[in-house]
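Just below is one structure, and these are the notes that go with it.
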Amino acid sequence: MLGPFEIAAFVDAIALPLFGLWALLATKLSVGPAVRRAEKRFLLALVVISLVTLRTVIRLDEVWLVHTITLASMVLGVFLVPAREGAVAV
């Protein structure tokens, strides 16, 4: 049975980066009116990941590199991953 510290470590190391990746891909793969909702979710995820990254770097946690890479991939992913919005024929 996992204790509360193991669950918190799992969420900190694995679930938060997956949440950031999901928000980025949802923004890039959405079309139509769903794009605005996905962009709001992405902005929320970006703020959460930024605050968590700041906390882990200040506290020198073991997962600071994971969070820093997640934040960097979210910021760079906005510019490097092509969106579907322009590829959809009207």
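Structure data summary
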{"item": "The lone exception for Glu6 - which of (1) charged (D, E, K, R); (2) in contact with an Asp or Glu (Cβ under 8 Å, 6 or more places away or on another chain); (3) loosely packed, with under 12 Cβ neighbours inside 10 Å it fails", "result": "(2)"}
{"item": "Residues being in a loop (DSSP other than H, G, I, E, B) and not β-branched (Val, Ile, Thr) - total across the range 61-79", "result": "2"}
{"item": "Selection within the range 39-55 - under 13 Å from Leu18 (Cα atoms) and either surrounded by fewer than 15 Cβ atoms within 10 Å (Cβ to Cβ) or of a type in the set (Asp, Glu) (or both)", "result": "Val48"}
{"item": "Test result for Glu39, at negative phi and not in a helix (DSSP H, G or I)", "result": "no"}
{"item": "Residue in the range 56-67 that is loosely packed, with under 11 Cβ neighbours inside 10 Å and aromatic (Phe, Trp, Tyr) present", "result": "no"}
{"item": "Residues of the range 11-38 classified as surrounded by fewer than 12 Cβ atoms within 10 Å (Cβ to Cβ) and either of a type in the set (Lys, Arg) or more than 22 Å from Ala72 (Cβ to Cβ) (or both), total", "result": "3"}
{"item": "Failed condition for Met1, given (1) part of a helix (DSSP H, G or I); (2) at pLDDT below 95", "result": "(1)"}
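The values are calculated or read from the model by the stated rules, or taken from the named source; none is laboratory data. Since this is a predicted model, take the numbers as computed values, not measurements. As a convention, Cβ positions derive from the backbone with ideal geometry for all residues, glycine included, and neighbour counts pool all protein chains shown.
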